[in-house]
Amino acid sequence: MSSLPTPPPPATGTTTKTHVTTSPVISSFPLFSKTFKKSSLKSLNHKITCNATSDNNLDRRNILLGLGGLAGAVNLTSIPSAGAAPLAAPDISKCGTNPLTGFKPDGTTPTGGDCCPPDSSQIIDFQFPKNPTFKVRPAAHLLSPKYIAKFNLAIKRMKELPETDPRNFLQQAHIHCAYCNGAYTQSSSGFPEIEIQIHNSWLFFPFHRWYLYFYERILGSLIDDPTFALPFWNWDTPAGMTIPKYFNDPKSALFDPKRNQDHLKAVVDLGYNGSDSATTDLEKIKNNLAIMYRQMVTNATDPTAFFGGEYRAGSEPIRGGGSVEQSPHTPVHRWVGDPRETNGENLGNFYSAGRDTLFYCHHSNVDRMWSLWKMTGGKHKDLTDDDWLNTSFVFYDENKNLVRVYVKDCLRTTQLGYDYQRVDVPWLNSKPVPRAPRSGIAKKLAGKVKQTTDVSFPVKLNKIVKVLVARPKKSRSKKEKEEKEELLIVQGISYDSEKYVKFDVYVNDEDDDDVSAVADQTEFVGSFAQLPHKHKGKMMSKTNFRAGLTELLEELEADDDDNVLVTVVPRSGCEDITIDDIKIVFA
Ligand code: C2O
């Protein structure tokens, strides 16, 4: 069974073929080069049109059959119809009461059943607002005192709403818990035995975009200000890398006592390993910018890499989350969460994350990454798979109506009536540099380090794993490289979903015991990171990690090598991780 996070086959129309030609401005743009100008990004932005339509006519049944994640028990004939493969919005009347998810709270961690929204039998379909007031989401560290007061007041009013009001602060926080901690099953798609999990897959970006969209509208209506826009925590620029200070005022509605007390004024660590390291602020800033470059550029060369693996009705999200979801998104959650709390509450755990106001500013910036990514580069397009586009969710709006929304309607922020303040994007010029470029490293180690073919998988990650991975092809032409990215796949990662899990991956870093490269060096490939969450009855989850190698190997002068030395370094919660395979593919 294949469980690779590869994009669907080209024949489906899911590749970018149709799009590249529609945007000559974008594809000819010298992106991410050292000469990149912010002003170009700005003008580029105005030219961008996002074509969300799909000429996709794949046979979804075939895709389902090909899915590695189908639980053995799933009966394919129970798919309501051939067109029902997108995940349908959950039936909230069944929230937490399903035998699968109706489990009792264990006293410490609320489970799915504890975060169900008020029921409503009335669902209305989303309509784009007529003549909406356009909103510009501002950088959180640049807010005027007036704007801070407005934000504060809106949150205060949200907290004062009756507990049963779906717009109430805690009710809104529960949305995140319900969609991530097993409260909902795929019953409306015909799979009552499979739960809904909107992380670790291509649903990550659209789900959170819709979530924030309604949150922002509710806040605006509570202060009667249709221009109110959710600030973004600008952790991708040096001046924005601390928690904006007004969040630390105990008298403010934005305050949350459950945050790591050592981090209230510290520079954020976008590669947080679960405990603080001795890095200086300057090094941290450099590493942060390099991580941004890695995750937004090197490891996000195509839509699947950026958005994450496919996730359709009848399956679980096992193909892996997108680059930005893994990091910096997840480490930032954990970095803010309070280590004094059992489960890293609030931001450090899925069930409680929405209880910290900072969550919404964190995700506003995550959402901004989606917008930035699309402005930059020929293959940087939304997915065109019908099942992605037709996935639906439900949210309560500012009038307490339960609204059904589709992924296809959230692809253009301007259509939803908002955009982001233009600020510097310094990581575009923060490409990591090689620590020790040298060809033949893998060859030199032959005999000392095992080839993957000699390793008996699955391997445990309770210590550093070092292997030589064969490259199916080397010295590819420029054209070949443009067409397909060389991808490193860490496949079948089985991990404890109740822990903060993180490991880092390096190539051709020859150090004997550990690795020497840091995040701003080319040898650092990327991080796998998971925020804790509960599942019914099972703790182990399975997924994949993938990273782009094409540019990296060129810079390490290793493009003509037969093998790559891969080092996987456990950083947090990896004691019981096993890995099914490590390999290189082209996609
Ligand atoms: Cu739904 Cu930042 O997680």
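The values are calculated or read from the model by the stated rules, or taken from the named source; none is laboratory data. Worth saying up front: this structure is predicted, and the values here are computed from it rather than measured. Cβ: placed from backbone, ideal geometry, glycine included. Neighbour counts: every protein chain shown. Surface accessibility is based on the protein's heavy atoms, side chains included, excluding ligands, DNA and RNA. Shrake-Rupley method; radii C 1.70, N 1.55, O 1.52, S 1.80 Å.
The strands (runs of 3 or more DSSP E) located wholly in segment 493-568 that include 2 or more residues which are closer than 22 Å to Glu195 by Cα and touching a residue at least 24 places away in the same chain (Cβ under 8 Å) occupy 524-530, 540-548. Restricting segment 276-302 to residues that are assigned to a loop (DSSP other than H, G, I, E, B) and in contact (Cβ under 8 Å) with a residue 24 or more places away in the chain leaves a set whose member that is nearest to Leu488 (Cα to Cα) is Asn299. Does Arg334 satisfy the condition of being modelled with pLDDT of 95 or more and closer than 14 Å to Phe204 by Cα? Considered against the rule, which asks whether it is modelled with pLDDT of 95 or more and closer than 14 Å to Phe204 by Cα, Arg334 comes out as no. Going by what's in this entry, would Glu398 be described as within 14 Å of the ligand (Cβ to nearest atom) and touching a helix residue (DSSP H, G or I) at 6+ places or on another chain (Cβ under 6 Å)? When the stated conditions are applied, Glu398 does not pass them.
Does segment 347-368 contain any residue that is more than 11 Å from the ligand (Cβ to nearest atom), farther than 25 Å from Phe151 by Cβ and touching a helix residue (DSSP H, G or I) at 6+ places or on another chain (Cβ under 7 Å)? No, the conditions are met nowhere in segment 347-368. Exactly one residue out of Arg137, Arg157 is open to solvent by 60 Å² or more (accessible area, probe 1.4 Å) and at pLDDT 95 or above: that is Arg157. Within segment 296-336, if we keep just the residues that are out of contact with any Ser or Thr (no Cβ under 6 Å at 6 or more places or on another chain), over 22 Å from Glu485 (Cα atoms) and open to solvent by 10 Å² or more (accessible area, probe 1.4 Å), the residue that is farthest from the ligand (Cβ to nearest atom) turns out to be Glu316.
Any residue that is at positive phi, outside any helix (DSSP H, G or I), modelled with pLDDT under 95 and away from the ligand (no atom under 16 Å from the Cβ) - is there at least one of those in segment 184-196? Looking through segment 184-196, at least one residue is at positive phi, outside any helix (DSSP H, G or I), modelled with pLDDT under 95 and away from the ligand (no atom under 16 Å from the Cβ). In segment 558-573 there is no residue that is closer than 28 Å to Gly378 by Cβ and under 23 Å from the mean Cα position of the chain (by Cα).
Looking at Asp504, Asp514, Asp560 in this structure, which one is closer than 23 Å to Arg435 by Cα and modelled with pLDDT under 95?
The conditions single out Asp514.
Number of residues in segment 237-261 that are under 17 Å from Tyr360 (Cβ atoms), part of a loop (DSSP other than H, G, I, E, B) and open to solvent by less than 40 Å² (accessible area, probe 1.4 Å): the value is 7. The residue list Leu212, Leu230, Leu219 contains one member that is buried (at least 19 other Cβ atoms within 10 Å of the Cβ), among the aliphatic types (A, V, I, L, M), away from the ligand (no atom under 16 Å from the Cβ) and not in a strand (DSSP E or B), which is Leu219. Only a single criterion out of (1) at pLDDT below 95; (2) away from the ligand (no atom under 16 Å from the Cβ) is not satisfied by Cys177, namely (2).
Scoring Asn152 on the criteria (1) modelled with pLDDT of 95 or more; (2) open to solvent by 10 Å² or more (accessible area, probe 1.4 Å); (3) in a loop (DSSP other than H, G, I, E, B) leaves a single failure, condition (3). Being among the hydroxyl-bearing types (Ser, Thr, Tyr), open to solvent by less than 70 Å² (accessible area, probe 1.4 Å) and not in a helix (DSSP H, G or I) is a property that Tyr272 has.
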